[in-house]
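Derivation of every value follows stated rules applied to the coordinates shown; laboratory data play no part. All of these numbers come straight from a predicted model, not from anything done at the bench. With ideal geometry, Cβ positions are generated from the backbone for all residues, glycine too; neighbour counts draw on all protein chains shown.
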Amino acid sequence: MSQQIEACVDEALRTGTLSGLPDQVYIDGRWRDSDSGKKMETLDPGTEKPFARFAAGNAADVDAAVVSSERAFKEVWRKVDPAQRANLLRRAATLVRANEGRLAVAETLDSGKPLAESRIDVDAIARFLDYYGGAADKLQGETIPLGRDFVSYNVLEPVGVTAHILPWNFPMFAMVRGAAPALAAGCTVIVKPAETTPVTALMLMDIFTEAGFPAGVCNVVTGTGQAVGEPLCAHKKVRHVTFTGSVATGSRVMQNAARHITSVTLELGGKSPAVVLADCDLDHAVEDMLEAIYFNAGQVCSAGSRLVIERRIHDEFVEKFAARASALTIGHGLKNPVIGAINSRQQLEKIARIVDDARARGVNVVAGGRCTVDPDSGAGWFFQPTMLDDVRPDDRVVQEEIFGPVLSVQIVDGIEEALSVANGTDYGLAACIYTKDIKKALGLARDIDAGQVTVNQYYAGGIYTPFGGNKLSGFGREKGLEALRNYCRTKNVTVRI
Ligand code: NAD
């Protein structure tokens, strides 16, 4: 660990917080109190104690942010040379790396995730900024051959003001995943962080300002989904909404956006299968699946939450996996365990209720299954890494997103049943196939209904490959060059010579 990170960890362990965290809304290039003047608190899930305050925004703050964002779009940002936009994004990437310690520690305090995972997120946002910085001056149009008497061309225009409604599982990651391509394309950005994890989005505003982004190009309004998210999605001047969160809220976002025919990208989670075939490298699959379901304590939209396994290797896999899962360390994120906290009491209670109900109706809990605490302090919202064996295809723990460290096992006989079970939910976000047989891998990859399919490594791909879902998992793609499409519209110009 660098000295900077160690100093931030020391401070956080000593004081329960970091000094100098922003606690206002950021609109038009400056910090200001929210219209209501009221504050909310965000808690450290590893201690259950408040560690920061933030502004309770409302519709008036949203209006102010949209006015600023629209002015910045029309008068400044869309006139800035693409190469200069690229420079600013790359400068922001450098500053993110220089501020790794504060960003990572703040993210761990806010979300509950282990420090190592927050550091992965800091690295990822720097890479997003670099990557989309690299794309900003390469958004080229095309010409259309209409014959000698015409000149016809398409240009890619920025859509305008964009809103970004963030989830609490990857706060700064989700912010930059949306904001970086939007800014690269020439759009302005208004961010609404989740109410349990507002801190790093605000911290990034100081970094963006230092990087040289003009006032109004990126605004952040904190507050509840009701008070800030609703008016933002329903605002006439917002031309695209990028939302990550639950299906119910995504549907509401879409309804509000529909009022003004605003386009949306919806990333709504899933119930993603990992298909483990009998010919796979079993020890590798066990290790990889531990990460697939327990990374960020399972609070990952694309988590591998269903293990679809051939009967022949089921007993050996379950025995090995359950032993490894039960031995994973659990604790406060700053002490860098494998399993950090669940983000909120509400989410912990939801997970516990679902697992308790499953146990009561006879589902076999072969690992974990209970709430727990940080072993040193006896506090915090934690859930044991859990494995539920031999679950029926129509069971709630197979059909519903739990959003916690809970793996449901489904036993199959042969590849055809594996495919039908893998496709047997209303979601379609991600899938992984473990096999040494390339024909089986490519056949399943073709037939599984999901936005991304990986083979032999669950989280293969990363920030450069398109990411998004089918069916209830939403639509539109983020990451990779495809994300830029959300923030561009095509204009055709045809001239008779
Ligand atoms: P949510 O979908 O209600 O919240 C996500 C974001 O939407 C937050 O910023 C919230 O303030 C905002 N929001 C809420 N109501 C809104 C509205 N009417 N208009 C605009 N924005 C609004 O999620 P939650 O209640 O925090 O979690 C519930 C469940 O959602 C979880 O148990 C989990 O299953 C799922 N979830 C999925 C993801 C994902 O990555 N796909 C992320 C977080 C939660």
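Here are the numbers for the structure shown:
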read-out	value
Where labels lie 7 Å past Cα in the beta-carbon direction, separation of E417 and K39 in nm	5.9
Exposure proxy ranking, count of Cβ atoms within 10 Å, fewest first, for M1, M205	M1, M205
Evaluated at q = 0.19 Å⁻¹: base-10 log I(q)/I(0), Debye formula over Cα of segment 344-431	-0.89
Sequence-separation-based contact order of the chain, relative, with Cα cut under 8 Å and 6+ spacing, percent	18
For segment 205-327: span of alpha carbons on each principal axis (Å, largest first)	58, 37, 24
Segment 23-113: relative contact order in percent, alpha carbon pairs under 8 Å with at least 6 residues between	29
Rule-of-thumb Rg ratio for segment 1-60 [Cα; 2.2 N^0.38 Å; N residues]	1.38
Antiparallel bridge percentage (DSSP; both residues within the chain; nearest 5)	45
Dipole of the chain, positive direction: furthest Cα of A72, A55, N169, with charges on the beta-carbon	A72
Theoretical gain in end-to-end length, T15 to V67 [0.36 nm per residue, Cα-Cα removed]	14.8 nm
Mean separation of Cα contacts under 8 Å (6+ apart) over length of segment 94-237, as relative contact order %	23
Length released on extending from R259 to K237, taking residue separation times 0.36 nm less the Cα-Cα span	6.8 nm
Cβ charges +1 (Lys, Arg) and -1 (Asp, Glu), total dipole of the chain, debye	1740
Cα-based helix-to-principal-axis angle, 311-326 vs the chain, degrees rounded to 10	70
Residue (of L282, A367, V253) at the positive-pole extreme of the chain, dipole from beta-carbon charges	V253
√(5λ) per eigenvalue of the Cα gyration tensor, the chain, largest first, Å	37, 30, 20
Degrees separating the helix 3-15 axis from the principal Cα axis of the chain, which is the longest one	70
Peptides ranked, highest mean first, by Cβ atoms within 10 Å: ranges 253-261, 320-328	320-328, 253-261
C-alpha long axis of helix 100-111 to longest principal axis of the chain, angle in °	60
Spacing of the two label points (7 Å from each Cα toward its C-beta) at F475 and T224, in nm	3.1
Percent antiparallel among DSSP beta bridges (both partners in segment 140-242, rounded to 5)	15
Within segment 476-497: backbone nitrogen closer than 18 Å to the L146 label point (7 Å, Cα to C-beta)	490-497
Sorted by Cβ neighbour density within 10 Å, fewest at the top, the residues W31, W168, W381	W31, W168, W381
Aspartates and glutamates whose Cα lies under 13 Å from that of K236, excluding same-chain neighbours fewer than 8 positions away	D63, E70
Cβ-Cβ FRET estimate between W31 and K138, R0 fixed at 30 Å, reported to 0.05	0.30
Distance between modelled label sites at A83 and E287, nm, 7 Å Cα→Cβ extension	4.7
Whole-percent pair-distance distribution, where bins are 5 Å wide, for the alpha carbons of segment 256-375	2, 9, 15, 20, 20, 13, 9, 5, 4, 3, 1, 0
Cα-Cα P(r), segment 186-227, percent of pairs per 5 Å interval	6, 22, 30, 22, 14, 6, 1
Cβ-Cβ FRET estimate between D279 and T465, R0 fixed at 30 Å, reported to 0.05	0.70
Loop-resident sites, segment 328-425, for trypsin sites (Lys or Arg not before Pro), counting at most 12 other Cβ within 10 Å (DSSP)	R361
